[in-house]
Structures are given as C-alpha cells and as structure tokens.
Amino acid sequence: MNPSLHSLVDLKGKTAVVTGAARGIGQAISARFAEAGANVVLSDIDAEAVAAAAEAIRAEGGAVSALQTDASLPADAERLVAHAVAQFGGLDILVNNAGVFPFAPVAQITEALWDRVMALNLKGAFFHAQAAAKRMLEQRRGGKIINLASVEALQPIGFLTHYASSKAGVVAMTKAMALELGPFGIHVNALAPGGIETPGMKSSTQSFLSLLGVSPEVADKQRGKYAARLPLRRAGQPDEVARAALFLASPMSDFVTGSLLVVDGGHLLGKFPM
Ligand SMILES: NC(=O)c1ccc[n+]([C@@H]2O[C@H](COP(=O)([O-])OP(=O)(O)OC[C@H]3O[C@@H](n4cnc5c(N)ncnc54)[C@H](O)[C@@H]3O)[C@@H](O)[C@H]2O)c1
C-alpha cells in the first residue's frame with residue numbers, strides 16, 4: 001500500500017538547517033519546513049533579521065532556533081550542525097541557501113570580489129554539506145542535502161561570470177556528493193531558481209544599474225520587463241522555490257538524487273537580452 005499524501009510531505013521528527021534564512025528564499029523555505037512539522041534552525045549573517053524571522057515562525061507554532069553564522073566559514077558550518085544537534089538531537093535536512101550575486105562586468109571582477117563570491121557560494125556550501133554529511137553518516141538514518149544553484153549556471157544573462165562559475169561548481173558538487181553518499185541514504189540535490197523576487201535580487205540589480213546611471217524607477221521597470229518576457233509572464237515568488245525545496249526535503253523525492261530542479265518560469269527556454 002502506498003503511503004498517504006499527507007505522510008509524504010510530513011517532516012515531523014526531522015531537523016532541518018537553512019543558511020541565509022533571514023529573508024528571501026531561505027526565509028520562505030524555513031517557514032514551509034516548519035509548517036510541514038520540522039524543527040528548523042535558521043542561520044544567517046544578519047543576527048537581528050534571523051532572530052526576527054525565527055520569531056515569526058515561532059509565533060505560528062513552529063519549532064525553531066536562530067543562530068548567527070557566516071556561511072562562508074567552514075568553522076561556522078561545524079558550529080551550526082553542532083547547534084542543531086544540541087537543540088533538537090540530530091540533523092536530517094540541510095539547505096545550502098546563503099549566496100550572493102553582486103553584478104559586475106568581467107573587467108571589474110577583482111580578486112577580492114571573486115574570492116568573496118566563491119567563498120560563500122561554493123566553498124561555504126561544500127563545507128556545510130560536509131559537516132551535515134558527517135553527522136548524517138554517524139546517525140545512520142540517511143538525510144537530504146539541498147543546494148541552491150541557479151539558472152545562471154546553465155545560461156548566463158551577463159555581468160555575473162564569478163557567480164555563474166560558483167553556481168556551476170554547486171551543480172558539479174551536488175552530483176559528485178550524491179554519487180558518493182547515495183549508498184548511505186543521503187540524497188543530494190540542487191535547485192536552480194531564476195527570476196525570483198527577493199530583497200537580494202532587488203538590491204543587486206538596483207546597485208548594478210545605478211552604477212550604469214540608471215535610476216531606481218527605471219531599474220524597477222527593467223525588472224518588470226524581464227519578468228514579462230518569461231514564458232510564464234511573471235516573476236517568481238520565494239514561496240514557489242520553497243515548495244520545490246519541500247519536495248526535495250520530504251519523502252516525495254525518495255528516489256531522487258543528484259538532480260537539478262529548475263524553478264524559473266521558463267527562463268531557460270529562451271534567450272533574454274538585458
Ligand atoms: N532570487 C533569485 O532569483 C535567485 C535565482 C537563482 C539563485 N538564487 C539563489 O538562491 C539563494 C537565496 O537567494 P535570495 O534571492 O533569497 O537572496 P537574498 O539576498 O534575498 O537573501 C540571502 C540571505 O543570505 C544572507 N547571507 C548573505 N551572506 C551571508 C553569509 N556570508 N553567511 C550567512 N548568510 C548570509 C543574507 O543576509 C540574506 O538574509 C542564493 O544562493 C542565490 O544565489 C536566487
């Protein structure tokens with residue numbers, strides 16, 4: 001007999017860690033996981049904002065804890081996993097969500113900027129996945145690791161060479177880890193969002209366009225134009241990525257590993273000039 005639909009999206013008894021959880025996609029994922037019954041540890045570099053995000057979920061009855069970390073630091077990855085274990089007794093799900101996307105033309109990508117993007121988006125993601133996998137291997141009950149890649153890893157839109165490189169690394173890392181950890185019941189998958197309306201997307205495009213002398217009003221219009229050209233004719237919302245994350249975190253995806261789930265309103269289907 002097949003399990004009930006309810007049990008397939010139930011995360012009761014599971015503990016999840018989400019990085020970059022104070023806002024945007026990470027916040028939406030944390031809220032959905034808590035609603036599905038998981039204990040959720042929200043981590044972010046912004047201490048005040050992550051405490052507020054956790055408080056909002058707690059007010060809805062969720063079991064949450066907040067921790068300030070810098071997700072680019074391997075030591076903070078270890079500290080975060082230890083915190084989840086101390087708070088909730090184990091770790092079942094990791095979402096490597098923290099990431100930055102500072103637009104810059106090729107000629108202006110300094111070594112410092114390259115290193116900052118790689119340190120968070122790729123190196124940090126690996127060491128979080130490693131810290132989580134070590135704990136999951138010890139527990140011997142499997143687990144789910146979800147990495148935030150991007151459509152940018154597959155089809156660049158321009159001015160994000162450093163970011164595209166980091167996210168292509170995330171895709172390769174996801175497959176390599178999935179291959180090795182599959183025999184232990186540890187699933188490793190990636191999400192490739194595109195065109196999601198988040199505070200980070202707004203401020204990154206705004207600051208880049210203002211460097212080019214474009215006013216915030218025109219920048220808003222540009223984003224609107226991009227969304228209107230997508231096959232689904234609109235921008236995506238953080239919760240629409242959270243629903244895909246819930247699929248990858250729950251028994252709904254128990255035969256899925258090493259895959260890249262695209263959530264982009266059809267962006268990858270066409271070419272979009274700036
Ligand atoms: N928004 C999109 O359309 C889109 C598209 C493709 C991929 N993504 C990926 O999704 C993820 C989330 O993006 P978002 O749009 O929600 O971003 P966002 O900027 O809105 O939120 C990111 C969060 O990460 C936190 N953060 C930044 N640096 C950190 C660090 N060093 N340590 C810990 N936390 C840190 C920020 O404080 C913030 O709360 C990123 O990995 C991004 O690359 C987003």
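The values are calculated or read from the model by the stated rules, or taken from the named source; none is laboratory data. As the structure is a prediction and not an experimental result, all values here were calculated from the model. For neighbour counting, all protein chains shown are included, and Cβ atoms are generated from backbone atoms with ideal geometry for every residue, glycine included.
For the stretch 168-274, list the helices (runs of 4 or more DSSP H) that sit wholly inside it and hold at least 3 residues that are buried (at least 20 other Cβ atoms within 10 Å of the Cβ); which are they?
238-249
Is there any pair with a first residue in the stretch 225-243 that is closer than 21 Å to L148 by Cα and modelled with pLDDT of 95 or more and a second that is outside any loop (DSSP other than H, G, I, E, B) and away from the ligand (no atom under 11 Å from the Cβ) whose Cβ atoms are under 6 Å apart and which are 6 or more apart or on different chains, and what are they?
Filtered contacts from the stretch 225-243: A242/R32.
Check A131, A107, A84 and return the single one that is over 20 Å from the mean Cα position of the chain (by Cα) and aliphatic (A, V, I, L, M).
Checking each option against the conditions leaves just A107.
Which of the residues that make up the stretch 136-158 are surrounded by 21 or more Cβ atoms within 10 Å (Cβ to Cβ) and either among the aromatic types (F, W, Y) or more than 16 Å from the ligand (Cβ to nearest atom) (or both)?
M136, G143, K144
Among the strands (runs of 3 or more DSSP E) confined wholly to the stretch 1-95, which include 3 or more residues that are surrounded by fewer than 24 Cβ atoms within 10 Å (Cβ to Cβ) and assigned by TED's automatic domain parsing to the domain that holds A133?
Ranges flagged: 63-68.
Has the stretch 25-39 got at least one residue that is within 24 Å of G236 (Cα to Cα), free of Cβ contacts under 8 Å to residues at least 40 places away in the same chain and within 10 Å of the ligand (Cβ to nearest atom)?
no
Of the residues E152, E138, which single one is within 23 Å of F255 (Cα to Cα) and outside any loop (DSSP other than H, G, I, E, B)?
Checking each option against the conditions leaves just E138.
Would you please name the residue that is nearest to L209 (Cα to Cα), looking only at residues in the stretch 96-114 that are within 10 Å of the ligand (Cβ to nearest atom) and assigned to a loop (DSSP other than H, G, I, E, B)?
So, considering only residues that are within 10 Å of the ligand (Cβ to nearest atom) and assigned to a loop (DSSP other than H, G, I, E, B), the one nearest to L209 (Cα to Cα) is F101.
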